[in-house]
Structure formats: C-alpha cells, structure tokens
Amino acid sequence: MIILFLSFLLSFNPIQNDTSRFDLYETALANLDNSKIENLETAIVLFDSLSVDPPDLVNDKMFEAFQDYYYKTIRYINSNNIIDESIIYEYDDMYNNPYSDSLTTIFNKYGIDIFSTEGSFYADQMVGYLSKTFSDKLTDAYAEYLKRRANEMRRAFSEDAILLVSFSTVANRMFFWEAFLEKYPDSHISSSARFYYEHYLGTLLTGTDNSRIYDWETDKIRDDIVDLYEKMISQYPGHNSVQILSSYLEVIRQNEFIFNENVREYIKTNNLPSMLAVQPISR
C-alpha cells in the first residue's frame, strides 16, 4: 500500500530536487508501522526507488532515516517481550538448541539477530547487514564507515566493562578511525567516526572499569601497556594520537608509572577521553 502511495505521488509530482526525495522517503517511513518487522523490507524497496546512482548525500540522508526506523523496530521487539524463553527454546536442553530456528530465521531475513548477555536475550542488528544491503548505494565515506563497523562488530569489544579484545587491537582500531577522519574531514559521518576514535583512544589511556591499564591494588601501570605505548611512539611518530600518547607517557614516567591523581588531573586538564566510569561499547 505504501509503495503504491509513493508511486502515485511520483506520477503527479515528479522529483524536482534532492530535498523532495528525502521528504518523500521520510513521509513514507512515517506511515509504516514499525511494530511489523516485515515493513523493513518495504522500507528498503522505498529507499531503492528514491536513491540515485552514483550515490549522493541524499542517499546517505535517506539511509540514516532508514537506520532510525530499523532501530525503532529493534527497540519495539526488545520492549515488548517478543523474545521469550518459551519461543526461543525449541527443546528443553537450552545448551544444545539455544534458539528457535523459526524465530531466528524470521529475524535474520530482516537483518535482526538474537544475542544474549548475563542470561538475558535481546534483539540487535545482524552483523554486516547494513553494510551488505546499503554500501553500494551510499557515498564512499559512508560505505567505508559501514564496512569497517561491520568488521569490528564481528568480534565483541566488551562485556560488563571487561575488554574482550587486546589493547593492540584497540590501538589498531584507533589508528583506522584517525585515518578515516583525515581522509574524510568534511563527511557528515565524521561525528560518528570521531566517537569511535575517542572511544578507542580513551580505552588506551585508561582502560575500562574492569580492564584497567593499571593494577587495582598498587595503581602501577602495567608493563605491557608501557611497552605498547613505546612501540606505537617508535613506529608511528607522525600520528596525532601518538603525539598524545607520547606526552601522556612522559607524565606517567614523571609519576613513576603510578596512575595517581596527577595522571588523572592531566587527562582532565587536557580534555583527553577516559573510559573509567563510562559504559564501553559491547561490539
């Protein structure tokens, strides 16, 4: 019905400019019921009907509208107890058959998967779904952003503020987003890229609440962290992030490698990101 409505509008009001493309898409999405998971497919068909090739910034803007709609559907699933143990467990043995094939098959068809944490189940985006579905329809910056995030999400980042990746992996991720920001300084996706850059930089500077860069009892900064800093400074001297780490390491040395109030104050005074008392991303 929505697609017919859109076709009707286009037949009498052909697109004259980029704004009308986005407005039509936004209006169409507003008329879709996000409680019906199958409407995600309709939203993609609508996107395809209004997108252009080569991709332009309006394609990106429409994708962001789709993404908002997509996440609304996921939030609806999570807030209305649609994922229930009686549905998820097809057999009594939860370890041998944790998910109901019928439920995951339906969800996966529309780019949604089921995850678990601390004994609870929840719906979230299927890893790689957005990149696979939209990358060739978006500008280079947005396509590269989605592909990178899909790659990062294949490996969980944290659980209960415990890092599930090495600090070397954190460093590699930080370097990617730093280079991304240099490559696409004026992209409208740069704010999201900067979030990940600062997230990973902050993790390198402090660790997370349950994976700190220092010993809980002595506050002494771990030797492997100091070694990583020194390696990064030696191998990548031209990076802005490495210059930050170099100055930070000097402060650490001045404080005899103890994460004390002087170090904390240095982070605060220089407006550096910290991941202490901050909930890190899970993926």
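Values in this text are rule-based calculations from the coordinates and carry no lab data. In this text, all values refer to a predicted model and were calculated from it rather than measured experimentally. Note: ideal-geometry Cβ built from the backbone for every residue, glycine included; neighbour counts use all protein chains shown.
Quick notes on this one:
- Computed over the alpha carbons of the range 156-283, Rg followed by Dmax gives 14.2, 45 Å.
- Net charge of the neighbourhood of TYR266, taken over other residues with C-beta under 15 Å away and scored Lys/Arg +1, Asp/Glu -1, is -2.
- Extension gain, ASN240 to LEU57: 0.36 nm times the residue separation minus the Cα-Cα distance gives 63.0 nm.
- Computed FRET value (nearest 0.05) for VAL226 with THR269, which takes r as the C-beta separation and R₀ as 25 Å: 0.70
- Remark on ILE112: its backbone amide H falls under 5 Å from those of MET126, a criterion applied only to residues 5 or more positions apart or on other chains, H modelled at 1.01 Å from N.
- FRET efficiency, LYS183 to THR27 (Cβ-Cβ, R0 45 Å, nearest 0.05): 0.85
- Summing Cβ point charges (Lys, Arg +1; Asp, Glu -1) relative to the Cα centre of the chain gives a dipole of roughly 560 debye.
- For SER35, net neighbour charge (Lys/Arg +1, Asp/Glu -1) across residues whose Cβ lies under 14 Å away: +1
- In the chain, the calculated helix contribution to ellipticity at 222 nm averages -18000 deg cm²/dmol per residue, counting -39,500 (n - 2.57) for every DSSP H run with n ≥ 4.
- Helix axis angle, 240-254 relative to the chain longest principal axis, alpha carbon, degrees: 30
- Net dipole in debye of the range 156-283 [+1 Lys, Arg Cβ; -1 Asp, Glu Cβ; about Cα centre; nearest 20]: 360
- Cα→Cβ-extended label distance, 7 Å offset, between GLU256 and SER166, nm: 3.2
- Rg/Rh, computed from the Cα trace of the chain with Rh as the Kirkwood radius, has the value 1.05.
- Counting charges near ALA179 (Lys, Arg +1; Asp, Glu -1) among other residues having Cβ under 12 Å from its Cβ returns a value of 0.
- P(r) weight above 14 Å for the range 160-216, C-alpha pairs, percent: 55
- You can think of it this way: the chain between GLU64 and ASP136 has 24.4 nm of extra reach, that is 0.36 nm per residue less the Cα-Cα gap.
- Qualifying lysines (Cα of each under 24 Å from Cα of LYS132; at least 8 residues distant if same chain): LYS36, LYS61, LYS72, LYS109, LYS147, LYS183
- Between the helical axis of 57-79 and the longest alpha-carbon principal axis of the chain there is an angle of about 90 degrees.
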